[in-house]
């Protein structure tokens with residue numbers, strides 16, 4: 001008899017195949033003390049060496065089926081395995097407290113995982129999964145437990161597991177792995193992101209799927225609806241095959257937008273850009289033919305380093321991205337650190353509310369030497385492509401003017417030193433603080449463009465910490481108050497003759513896109529994997545009708561009414 005279950009649809013696609021179940025060995029960890037410290041240290045260091053060799057081998061295999069960008073997760077794993085901020089505390093527990101290596105590794109790694117989970121930025125939350133993966137690998141190496149090698153799967157299967165680690169997911173060969181189902185996880189987990197990148201259907205958060213199936217059971221799954229059927233009937237298999245055909249047709253249709261202009265049904269042109277965090281990420285922007293890079297998060301160069309990155313180190317990264325994008329604009333956000341993002345080599349002051357404190361442009365203006373180093377690297381790199389620079393968390397016009405003054409001084413200095421530099425670097429700002437949204441027209445006397453960071457704009461407008469579950473209901477991107485601030489920003493930029501973009505999560509939200517288009521947003525910057533769907537949706541919308549929709553939405557009392565309005569709009573215009 002078949003059984004239908006529902007989880008979180010994390011990666012679109014339809015599949016029918018037999019189960020390959022990953023059953024992890026249960027590991028018992030105790031806090032037993034050891035007698036021979038030197039021997040335990042030697043055991044620990046041998047485990048680190050073994051873990052390193054395993055990761056290098058997995059990366060080598062992964063590169064046969066994945067791009068360098070997708071396999072770059074293993075570079076992060078190798079860094080964690082050798083990270084002094086992880087290794088030293090583990091060895092200290094062994095030498096000072098005489099704890100065994102397994103317990104010491106477990107304690108320190110769990111502390112590190114909590115650090116990363118506390119970040120507000122999804123990118124850093126995802127890194128917690130990498131640390132968990134590395135911790136498991138080291139502990140297994142200490143206990144001589146072998147991990148399952150998923151790269152050796154050679155027949156069509158649907159993987160079922162408690163969860164999939166980053167190294168599990170990166171080993172998957174989509175020729176044979178037709179989907180995966182897990183007990184835990186959600187759309188923002190690393191396994192979900194990798195599944196979307198590999199275009200493998202995935203349903204996560206199923207609770208007890210590992211208890212419900214056995215190896216070789218047949219499962220049918222739909223990664224969009226989040227529905228899976230265990231031991232489906234012939235009739236259900238037939239239905240899923242039809243869904244699979246529809247999915248293939250949808251994918252083919254999306255692929256037709258790869259080389260099409262980004263424009264509405266009535267020819268309103270926009271830019272669909274990509275958010276990236278590294279040189280490797282630019283491969284995704286190229287794969288989906290982004291019109292630009294609307295956000296290069298430069299803070300990752302700082303967070304992945306052991307000390308302040310030098311001018312040349314930064315220059316090489318910026319130059320590499322600019323060259324890869326081959327003339328398409330790359331908007332680099334200057335150092336956006338503080339709040340939930342910290343550095344291992346810099347002590348931030350203790351603050352009651354770090355999100356409202358010493359961070360982003362405030363830190364850059366205070367530590368001018370750091371700011372100047374970054375600006376020099378950027379200006380030098382400008383000769384190799386189409387660079388734009390934007391300053392984060394600007395709250396006052398004077399702040400922007402001071403940052404721009406430093407930029408102008410550095411530009412002239414670099415130029416006078418004989419470096420070739422671009423004559424056309426646009427210098428703009430993030431609109432994340434309500435004061436900046438209200439005064440956008442005044443800001444645009446001095447800024448060449450604005451880019452809206454909806455995550456922080458929402459947090460500050462609604463006075464709600466997005467990390468606090470008690471107030472998470474206030475995360476309302478379609479609330480009329482947020483929409484009014486966004487429209488005010490776009491209108492203010494346009495009145496001053498400047499362009500307005502958006503690089504927050506809302507830019508890739510299919511529910512929000514009709515409203516953003518109607519407001520006249522010039523650039524939508526999003527995850528690379530969202531680009532084709534966004535292009536398709538925009539092509540189905542008449543800008544003139546979306547413009548009228550905005551006026552109706554701004555009269556609504558709450559987000560629920562706005563959503564109803566959007567549903568009606570999509571239905572009337574046969575969208576999606």
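The values are calculated or read from the model by the stated rules, or taken from the named source; none is laboratory data. Fair warning: this is a prediction, and the values are worked out from it, not measured in the lab. Because the Cβ atoms are built from the backbone with ideal geometry, glycine has one as well, and the counts that use them run over all protein chains shown.
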> Just wondering, is there one or more residues in region 177-186 that are modelled with pLDDT of 90 or more and out of contact with any helix residue (DSSP H, G or I) (no Cβ under 9 Å at 6 or more places or on another chain)?
Replying inline: yes
> Taking the condition in contact (Cβ under 8 Å) with a residue 24 or more places away in the chain and under 23 Å from residue 526 (Cβ atoms), does residue 287 pass?
Replying inline: yes
>> I'd like the full set of residues that are under 21 Å from the mean Cα position of the chain (by Cα) and either crowded, with 24+ Cβ neighbours inside 10 Å or free of Cβ contacts under 8 Å to residues at least 40 places away in the same chain (or both), limited to region 497-515.
In response: 501, 502, 503, 504, 506, 507, 508, 509, 512, 513
>> Anything in region 1-34 that is assigned to a loop (DSSP other than H, G, I, E, B), in contact (Cβ under 8 Å) with a residue 12 or more places away in the chain and farther than 29 Å from residue 178 by Cα? List them, or say none.
In response: 27, 29, 30, 31, 32, 34
> Restricting the first residue to region 551-564 and requiring it to be without any contact (Cβ under 8 Å) to a residue 40 or more places away in the chain, which pairs with a second residue that is surrounded by 15 or more Cβ atoms within 10 Å (Cβ to Cβ) meet a Cβ separation below 6 Å and a spacing of at least six or different chains?
Replying inline: 552/565
>> Quick check on this structure: which one of 335, 322 is in the same structural domain as residue 405 (by TED's automatic domain parsing) and in a helix (DSSP H, G or I)?
In response: 322
>> With within 27 Å of the chain's Cα centre (by Cα), free of Cβ contacts under 8 Å to residues at least 12 places away in the same chain and in the same structural domain as residue 135 (by TED's automatic domain parsing) as the only criterion, which of 79, 63 stands out?
In response: 63
> What single numbered condition from (1) surrounded by fewer than 13 Cβ atoms within 10 Å (Cβ to Cβ); (2) farther than 30 Å from residue 219 by Cα fails to hold for residue 249?
Replying inline: (2)
>> Quick check on this structure: which one of 46, 72 is crowded, with 17+ Cβ neighbours inside 10 Å, out of contact with any strand residue (DSSP E or B) (no Cβ under 7 Å at 6 or more places or on another chain) and not assigned by TED's automatic domain parsing to the domain that holds residue 279?
In response: 72
> Quick check: is even one residue across region 427-445 assigned to a helix (DSSP H, G or I) and under 17 Å from residue 336 (Cα atoms)?
Replying inline: yes
>> Suppose we filter region 535-567 for residues that are exposed (fewer than 15 other Cβ atoms within 10 Å of the Cβ), more than 29 Å from the chain's Cα centre (by Cα) and not in a helix (DSSP H, G or I); how many remain?
In response: 2
> Are any residues in region 472-489 modelled with pLDDT of 75 or more and assigned to a helix (DSSP H, G or I), and if so, which ones?
Replying inline: 473, 474, 480, 481, 482, 483, 484, 485, 486, 487, 488, 489
> at pLDDT 80 or above and within 25 Å of residue 184 (Cα to Cα), is that true of residue 127?
Replying inline: no
>> Out of the residues in region 145-164 meeting the condition of being at pLDDT 90 or above and part of a loop (DSSP other than H, G, I, E, B), tell me which one is surrounded by the fewest Cβ atoms within 10 Å (Cβ to Cβ).
In response: 155
> Out of (1) at negative phi; (2) surrounded by fewer than 21 Cβ atoms within 10 Å (Cβ to Cβ), the odd one out for residue 299 is which?
Replying inline: (2)
>> residue 127 - would you say it is farther than 26 Å from residue 30 by Cβ, crowded, with 22+ Cβ neighbours inside 10 Å, touching a residue at least 24 places away in the same chain (Cβ under 8 Å) and not assigned by TED's automatic domain parsing to the domain that holds residue 187?
In response: yes
> Taking the condition in contact with a strand residue (DSSP E or B) (Cβ under 6 Å, 6 or more places away or on another chain), more than 19 Å from residue 391 (Cβ to Cβ) and part of a helix (DSSP H, G or I), does residue 493 pass?
Replying inline: no
>> Taking the criterion of being part of a helix (DSSP H, G or I), without any contact (Cβ under 8 Å) to a residue 40 or more places away in the chain and in contact with a strand residue (DSSP E or B) (Cβ under 9 Å, 6 or more places away or on another chain), would at least one residue in region 100-121 satisfy it?
In response: yes
> If residue 293 satisfies every condition in (1) assigned to a helix (DSSP H, G or I); (2) touching a residue at least 60 places away in the same chain (Cβ under 8 Å) but one, which is the exception?
Replying inline: (1)
